[in-house]
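Have a look at the structure below, then the notes.
Only the coordinates and a few stated rules stand behind these numbers; no lab work does. Just so we're clear, the structure is a prediction, and the values are computed from it rather than from any experiment. Positions of Cβ are backbone-derived with ideal geometry, glycine not excepted, and every protein chain shown enters the neighbour counts.
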Amino acid sequence: MRGAQVPAGRITFYYRPDLGGWRLRPAGRYKIWLREGLALEGVTFSIGHIAYTFVAIPEMQALHERLFRESTPTDVITLDYREAAGAPLLAEIFVCPMFIRASAQALRLSYGEELRRVLAHALLHLLGYRDDTPEARLRMRIAEERWLALWKPLSRVSHETSRV
């Protein structure tokens with residue numbers, strides 16, 4: 001990411017107890033990746049705090065019902081708490097890893113990649129991307145693919161390998 005300014009601000013991960021010990025690992029790498037995605041999008045506004053809260057299916061279903069009058073669970077819910085244009089980004093993102101796992105299995109997709117897609121999707125909504133028309137969904141999908149391309153396995157280089 002040469003030349004791109006990685007946005008400052010807090011990105012935190014919270015886990016509900018009913019996840020049975022599930023954690024996003026390695027959390028630090030995910031935070032770096034999310035910041036790189038924001039930089040890729042050319043974010044110029046200030047980031048205050050982005051809080052990802054990982055929840056189980058029953059809680060996600062209850063949130064979906066309470067906030068959107070939808071009685072089904074979903075993969076992600078993004079809440080933007082900015083009070084005015086130009087205010088620092090303040091957002092809460094609820095993510096349901098078990099729902100994402102089930103969706104990935106049903107679609108025969110990699111769970112890790114689908115999880116990263118959902119994490120990026122939520123931030124893209126906060127950046128103004130929409131998915132309510134076919135054209136908007138295509139733009140969103142293209143942006144998601146750009147973000148996913150940032151996630152690459154770290155390769156060993158010769159000076160890091162142990163000597164035989």
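Residue exposure proxy: S46, S103, ordered by other Cβ atoms within 10 angstrom of their Cβ from fewest to most, comes out as S46, S103.
Here the label points at R10 and A84, each 7 Å from Cα along the C-beta direction, are separated by 2.3 nm in the simple model. Start at zero, step by 10 Å, and the Cα-Cα distances of the chain spread as 9, 35, 37, 14, 4, 1, 0 percent across the bins.
Counting 0.36 nm for each residue step from L127 to Y111 and taking away their Cα separation leaves a gain of 3.3 nm. Springs join every pair of Cα atoms under 10 Å in this Gaussian network model of the chain, and among L109, L148, L89 the largest mean-square fluctuation is at L109.
Backbone geometry of segment 10-18 corresponds, through the Karplus equation with coefficients 6.51, -1.76 and 1.60 at θ = phi - 60°, to 3J(HN,Hα) couplings of 9, 10, 10, 10, 10, 10, 6, x, 6 Hz, x marking Gly and Pro.
Do the sum for the chain: with -39,500 (n - 2.57) for every DSSP H run of n ≥ 4, divided by all residues, what is the mean residue ellipticity at 222 nm, to the nearest 500 deg cm²/dmol? The partial results should precede the final answer.
Details: 5 runs with 69 residues, N = 164.
Theoretical 222 nm ellipticity from helices: -13500 deg cm²/dmol.
How far apart, in nanometres, would the label points at A27 and R101 be if each is projected 7 angstrom from Cα along the Cα-to-Cβ direction? My value for the distance between the label points is 1.9 nm. Between A149 and F68, residue separation times 0.36 nm minus the direct Cα-Cα distance comes to 26.0 nm.
Taking the number of Cβ atoms within 10 Å of each Cβ as an exposure proxy, the fewest-first ranking of H121, H64, H49 is H49, H64, H121.
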